[in-house]
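The values are calculated or read from the model by the stated rules, or taken from the named source; none is laboratory data. The structure displayed is predicted, hence computed values, not measured ones. Methodologically, a virtual Cβ is constructed for each residue, glycine included, from the backbone with ideal geometry; neighbour enumeration extends over all protein chains shown.
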Amino acid sequence: MTSLASSQREHLAKMMDEREPVLREEIRAGLRRMRVEGYDELLSGTSDAGDESLASLVTDINNADAKRDAVELQDIFAARARMADGTYGICIDCDVAIPYERLEAYPTAKRCLACQQVHEAKRAQR
Ligand SMILES: [Zn+2]
């Protein structure tokens with residue numbers, strides 16, 4: 001279980017809720033610049049499932065900014081899912097509670113700092 005107080009969880013959830021429309025707007029602007037047809041409709045987002053498939057579509061697009069935003073948007077969806085199933089704030093690698101300070105800086109963090117550094121070092125080797 002998470003060691004976060006409910007007020008802390010609420011604060012982190014709110015940070016993500018505020019970040020989401022910013023990301024959507026950035027993605028929308030990026031797609032508009034690229035003149036990608038048909039994405040506006042998808043981006044207006046009526047269902048969560050639609051939003052997630054949209055985000056994965058955007059990651060296929062060869063645009064660094066839109067891609068980074070889409071990855072962050074997907075991270076927000078994933079973090080909300082972890083909040084829903086009670087695994088939010090727990091490192092996915094070592095099961096230790098991620099410190100609140102780290103979550104406040106990075107609300108979608110999946111790993112504690114130590115595991116994240118190991119993960120990034122491994123990824124850099126590949
Ligand atoms: Zn860890």
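What the table below lists for this structure:
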| item | result |
| --- | --- |
| Residue ranges of helices (runs of 4 or more DSSP H) in segment 63-126 with at least 2 members within 9 Å of the ligand (Cβ to nearest atom) | 113-125 |
| Residues (touching a Phe, Trp or Tyr at 6+ places or on another chain (Cβ under 9 Å) and either at pLDDT 90 or above or within 20 Å of Gln117 (Cβ to Cβ) (or both)) located in segment 55-92 | Ala79, Arg80, Ala81, Arg82, Gly89 |
| Condition met for Tyr39 (surrounded by 15 or more Cβ atoms within 10 Å (Cβ to Cβ), aromatic (Phe, Trp, Tyr) and modelled with pLDDT under 95) | yes |
